[in-house]
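These notes concern the structure reproduced below.
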Amino acid sequence: MADLVIIWVVGTALFGLIIGSFLNVLIYRLNTEGSPSPFFGRSFCPHCQHVLNWFDLVPIFSFISLNGRCRYCRSPIGLRYPTVELVTALSFAAVALYTGIQAPLLLAENLILTAVLILIFFSDWIFGLIPDEAVIMLGLLGLAAHIGNGEELALAFSSGLVFASLFALLIVLTRGRGMGWGDVKLVLVMSLVLGWPNILLALWLGFVAGGIVSLTLVLLQRKKFNETIALGPFLVLGTAVAYFYGPTIISAFFRLYPH
Ligand SMILES: [Zn+2]
């Protein structure tokens with residue numbers, strides 16, 4: 001049994017490397033104007049436009065064997081390429097362990113959610129943009145999660161509307177500093193995926209993590225106090241924790257503070 005679990009987890013991690021490599025294409029093409037469709041056209045070096053061969057595109061391995069430089073023009077390849085691949089592989093392994101071997105449909109759902117969250121995380125981190133395609137995907141996952149439970153869906157949707165309106169109000173009041181319309185759309189579909197009261201936990205975790213990182217960057221003098229960092233990556237982290245551990249955390253909280 002232990003052997004089977006190891007094969008299962010390693011297999012899912014290798015699959016994650018391939019998906020991570022595809023996410024790199026999406027992160028670049030969905031956020032760069034004039035890019036070809038992510039599903040068509042060969043990958044090319046963004047510096048010299050040279051079309052890449054399959055052996056230039058082996059996840060992690062190509063980056064290491066090329067010493068982090070393009071084979072054709074020797075421009076440095078962004079560290080984000082192997083990072084996204086590695087993060088996706090490790091996340092997929094963790095999701096495989098968490099979901100177990102008996103529930104293939106749930107595994108598929110969890111892996112798709114993880115991939116979309118990684119896409120949003122790095123899009124917002126690198127480009128300061130949350131692609132609408134990713135938001136729509138998350139919304140569809142949220143709707144699928146509530147099939148057959150209209151009451152739950154109504155609650156998830158209405159809490160999403162409330163938080164999205166609050167975000168929109170904050171954007172108007174602060175004149176768009178710190179938050180963007182991408183965050184408004186994100187919080188709406190986060191609510192669909194997480195439902196009530198899990199969305200509350202995700203937002204709380206996101207704001208606390210974002211606050212700690214901002215403060216650390218200011219203290220390290222990497223950022224000035226009035227500079228802002230993207231909120232999306234922290235909302236994504238909050239969503240992941242709340243999705244996989246929300247019910248555990250919330251019930252532990254109510255055991256600590258019985259009412
Ligand atoms: Zn090149």
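Which is the longest run of the chain containing none of the trypsin sites (Lys or Arg not before Pro) found in DSSP loop states (not H, G, I, E, B) with at most 14 other C-beta atoms within 10 Å? Could the numbers behind the result be given before it?
Details: sites that count: R42, R74, R175, R177, R222, K224.
It runs 75-174.
Which one, W196, W54, W125, has the greatest fluctuation when you compute a Gaussian network model over the chain with C-alpha springs under 10 angstrom?
Fluctuation is largest for W54.
At 7 Å along Cα-to-Cβ for each site, give me the label-to-label distance between A108 and L169 in nm.
My value for the distance between the label points is 4.2 nm.
Ordered by residue, what ³J(HN,Hα) values in Hz, to whole numbers, does the stretch 48-63 give under the Karplus form 6.51 cos²θ - 1.76 cosθ + 1.60, where θ = phi - 60° and Gly and Pro are x?
Result, ordered by residue: 9, 6, 5, 5, 8, 8, 4, 6, 8, 10, 6, x, 6, 4, 4, 4 Hz.
Please check: in the Gaussian network model of the chain (C-alpha springs, under 10 Å), which one of L169, L194, L141 has the largest mean-square fluctuation.
Result for the chain, Cα springs under 10 Å: L169 fluctuates most.
Which residue, L205, L86, L105, tops the fluctuation ranking in a GNM of the chain built on C-alpha contacts under 10 Å?
Evaluated over the chain, the most mobile residue of the options is L105.
Provide the per residue accessible area, probe 1.4 Å, for the chain, rounded to a whole number of square angstrom. Please list the in-between numbers first.
Values: 14930 Å² over 259 residues.
Using a 1.4 Å probe on heavy atoms only, each residue of the chain averages 58 Å².
Could you calculate, for the stretch 107-259, the ratio of the Cα radius of gyration to the Kirkwood radius, expressed as Rg to Rh?
Rounded to two decimals, Rg over Rh is 0.98.
Scan around F44 for amide H atoms under 5 Å from its own, H built in the peptide plane at 1.01 Å from N, and keep only partners 5 or more places away or cross-chain.
L52
Count neighbours as other Cβ atoms within 10 Å of each site's Cβ, and list the chymotrypsin sites (Phe, Trp or Tyr not before Pro) in the stretch 219-257 that are DSSP loop with at most 11 such neighbours. Intermediate values should be presented prior to the final figure.
Numbers: sites: F225, F234, Y243, F244, Y245, F253, F254; in loops: F225.
For chymotrypsin sites (Phe, Trp or Tyr not before Pro) across the stretch 219-257 that sit outside H, G, I, E and B with at most 11 neighbouring Cβ atoms in 10 Å, the list reads F225.
Give me the percent of accessible area attributable to carbon and sulfur for the chain, probe 1.4 angstrom. It would help to have the intermediate numbers written out before the result.
Numbers: 10530 of 14930 Å².
Reported share for carbon and sulfur atoms: 71 percent.
Between the stretch 1-42 and the stretch 87-150, what is the C-alpha centre distance in whole Å?
Comparing the Cα centres of the stretch 1-42 and the stretch 87-150, I get a distance of 12 Å.
Rounded to whole Hz and in sequence order, give me ³J(HN,Hα) for the stretch 130-147 from the Karplus expression 6.51 cos²θ - 1.76 cosθ + 1.60, θ = phi - 60°, writing x for Gly and Pro.
Those phi angles translate into 10, x, 4, 4, 5, 5, 5, 4, 5, x, 5, 4, x, 4, 4, 5, 10, 4 Hz.
The values are calculated or read from the model by the stated rules, or taken from the named source; none is laboratory data. This structure is a prediction, so every number in the text was calculated from the model and none was measured. In this analysis, Cβ positions are derived from the backbone assuming ideal geometry, glycine residues included, and neighbour counts consider all displayed protein chains. For accessibility, only protein heavy atoms count, side chains too; no ligands or nucleic acids. Shrake-Rupley method; radii C 1.70, N 1.55, O 1.52, S 1.80 Å.
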